[in-house]
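Quick one: structure below, then a few questions.
No lab work stands behind these numbers, since they all come straight from the coordinates. Predicted, not measured: the structure shown is a model, and the values here were computed from it. Here Cβ is always computed from backbone atoms with ideal geometry, including for glycine, and neighbour counts include all displayed protein chains.
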Amino acid sequence: MLHLPAYREPELIPTIKDALAQAKHPERIHFGICRQYNPEDGFDNIDEYRDDPRFKIYDMPYEKAKGLAYARAIINDKLLEDEDFVLQLDSHHRFDKHWDSTLIGWYDELKEEGHNPLICGYLPYYNPFNDPKDRVQEPWYSEAASFYPHGTIFIRPTGFREDWKKLTKPAPARFISGHFCFGPNEWAKTIKHDPDIFFAGEEINLTVRSYTHGYDLFHPHRVVVWHATMREERDGMLVWDDQYKRGEDAWWKENDRGRSKIRQLFGIEDNGFDLTGYDLGTVRTLRDYEKYAGIHFEKKSFQKYTKDNFFPPNPVIENEEEWENSFMVSFYHLVDVQPEYLQGKDYNFILVAFDDENGIGIDSEFIDDNRLKLFLSENKPIHYEKMFMTDKTPSKVIYWGHSETRGWAEKHEINL
């Protein structure tokens, strides 16, 4: 079954049509759709499929939506029946020819090797407005960028460290992607989506619970499905946009609640939640996952082998003290250079630097691109996420403007 949560989704119908057109066996493809709709939109009208027995549809007025995991839980709890496999997606995708037989073939091969496989990961990009020309033709790998301060991990796509063209089968992976995971029906029935997780943390929650329940994670080594992200046609109409317009603060409140629950799941805090039905498995332990992936949740840190993006499992370190000491520090900061901090108008670059308590530099970069142009011409703040691994703790961030005529000019320091 294709698992599709669709919130005011212009790409829902094109996704359905392409999935069927490119399938080797379209008659076998079933759909479970949680359609969170605004009747004024019209573009996600799904009436043409309502009498098709391959389609199970749960209609929900968009005002009733409660986040991604809530919609996914409805699909798995109310729409999933006895299908052999589940392909968890979003609702904005394109498909390679015979994608269905390809995925089943990979799954069967991994199963024959003794794995209990999930084929998952971030999918390469397509552009709905220039398709298929803009499709990325290389598979993506998922890397651990950094820990967020609240304890979940910033997972992002990157290229394979190895030459992906030489790979002959899906590659071992550390993370599940929310928008692409293929596995048996039993996985979706067992690893239930926790509706308390509004959005942030969904993937690491699914990852750790799946691994501890005995599932083995693999990324596709070939492009089989494409995914669209950050699309202009949905600006201002995502679930958190609509909630904000209604004066609701669910985005912050519910995300905080979900992340608090995840920290309890990882044994970092006891926040009083009943995790029944959404707990770790008993086939493997949390520490088994940490050693496999080179991740330490309590320390919010990764091993260098993980940051270098080598395939898991990480090298075995039997001695617990040596293992504890094998982790780098994952540092995360929201850089926010405001015009009032640096009021010059002649900068050719701005230095963003992180120093330790003794003023020794730990990490730095120069801002001299379009962000600088907008900063100078439109007073637009320079705002972005900065993350890096370090063996020292930064104590201050420095924003320092440089001018061709004045040299090092205005400077602003913030203690961390």
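Compute the longest continuous run of the chain that contains no exposed chymotrypsin sites (Phe, Trp or Tyr not before Pro); treat a site as exposed when its DSSP state is not H, G, I, E or B and it has at most 15 other Cβ atoms within 10 Å.
So the longest stretch without any such site is 130-416.
Mean 1/r over all different Cα pairs, inverted: what Kirkwood radius does region 331-415 give, in Å?
13.2
Of the cross-linked pairs Lys189/Lys261; Lys97/Lys189; Lys78/Lys111; Lys78/Lys189, which ones have a Cα-Cα span greater than 19 Å in the structure shown?
Working: Lys189/Lys261 21 Å; Lys97/Lys189 28 Å; Lys78/Lys111 28 Å; Lys78/Lys189 11 Å.
The pairs that break the limit, which is 19 Å between Cα atoms, are Lys189/Lys261; Lys97/Lys189; Lys78/Lys111.
Separate question: Ordered by residue, what ³J(HN,Hα) values in Hz, to whole numbers, does region 47-55 give under the Karplus form 6.51 cos²θ - 1.76 cosθ + 1.60, where θ = phi - 60° and Gly and Pro are x?
4, 5, 10, 5, 8, 8, x, 6, 10
Also, I was wondering about something else. Helix-only mean residue ellipticity at 222 nm, the chain, DSSP H runs n ≥ 4 weighted -39,500 (n - 2.57), per residue, nearest 500. What is it? Walk me through the numbers before you get to the answer.
Working: 11 runs with 98 residues, N = 416.
Rounded to the nearest 500, it is -6500 deg cm²/dmol.
By how many nm would the segment from Leu334 to Arg161 grow when fully extended, if each residue of separation counts as 0.36 nm and the alpha-carbon distance is taken off?
Between Leu334 and Arg161, full extension yields 59.5 nm more.
Follow-up. Quick one: Kirkwood hydrodynamic radius for region 1-43, alpha-carbon pairs, angstrom, one decimal? List each step's numbers first, then the result.
Working: mean 1/r = 0.0895 Å⁻¹.
Roughly 11.2 Å, rounded to one decimal.
Treat the chain as a sphere of radius equal to its Kirkwood radius over Cα pairs and apply Stokes-Einstein at 20 °C in a medium of 1.002 mPa s; give the translational diffusion coefficient in µm²/s, rounded to a whole number.
For the chosen part, D equals 92 µm²/s.
Starting from one equal scatterer on each C-alpha and no solvent at all, send me the Debye-based log10 I(q)/I(0) for region 30-155 at q = 0.09, 0.14, 0.22 Å⁻¹, two decimals.
Taking Cα atoms of region 30-155 as identical point scatterers yields -0.37, -0.93, -1.41.
Enumerate by residue number the GluC sites (Glu not before Pro) in region 59-149 meeting two conditions: DSSP loop (anything except H, G, I, E, B), and at most 14 other Cβ atoms within 10 Å of the site's Cβ.
Loop-located and lightly packed - Glu81, Glu113.
List the aspartates and glutamates whose alpha-carbon lies under 20 Å from that of Lys386, not counting same-chain residues fewer than 8 positions away?
Glu143, Asp308, Asp336, Asp355, Asp356, Glu357, Asp363, Glu365, Asp368, Asp369, Glu413
Here is a further query. Can you work out ³J(HN,Hα) from phi for every residue in region 318-331, in order, using Karplus 6.51 cos²θ - 1.76 cosθ + 1.60 and θ = phi - 60°, giving whole Hz and x for Gly and Pro?
Working through the residues one at a time gives 6, 6, 5, 5, 5, 5, 4, 8, 8, 9, 7, 9, 8, 10 Hz.
Treating only the Cβ of Lys, Arg, Asp and Glu as charged (+1, +1, -1, -1), what charge dipole size does region 268-362 show about its Cα centre? Round to the nearest 20 debye.
Computed charge dipole of region 268-362: roughly 460 debye.
Can I ask one more? Taking θ as phi - 60°, what are the ³J(HN,Hα) couplings along region 205-217 by the Karplus curve (6.51, -1.76, 1.60), each to the nearest whole Hz, with x for Gly and Pro?
3J(HN,Hα) across region 205-217, in whole Hz: 4, 4, 4, 5, 5, 5, 5, 6, 7, x, 8, 9, 9.
If you take the alpha carbon radius of gyration of region 2-234 and divide it by 2.2 N^0.38 Å, what ratio comes out, to two decimals?
Normalised Rg, Cα atoms only: 0.97.
Considering every pair of different Cα atoms, what Kirkwood radius, in Å, is found for region 131-290?
17.7
Could you pull out which residues in region 148-179 have an amide N less than 17 Å from a spot 7 Å beyond the Cα of Asp308, following the Cα-Cβ vector?
Counting only backbone N, you get 160-163.
In whole angstrom, how far apart do the alpha carbon centroids of region 369-412 and region 6-79 sit?
44
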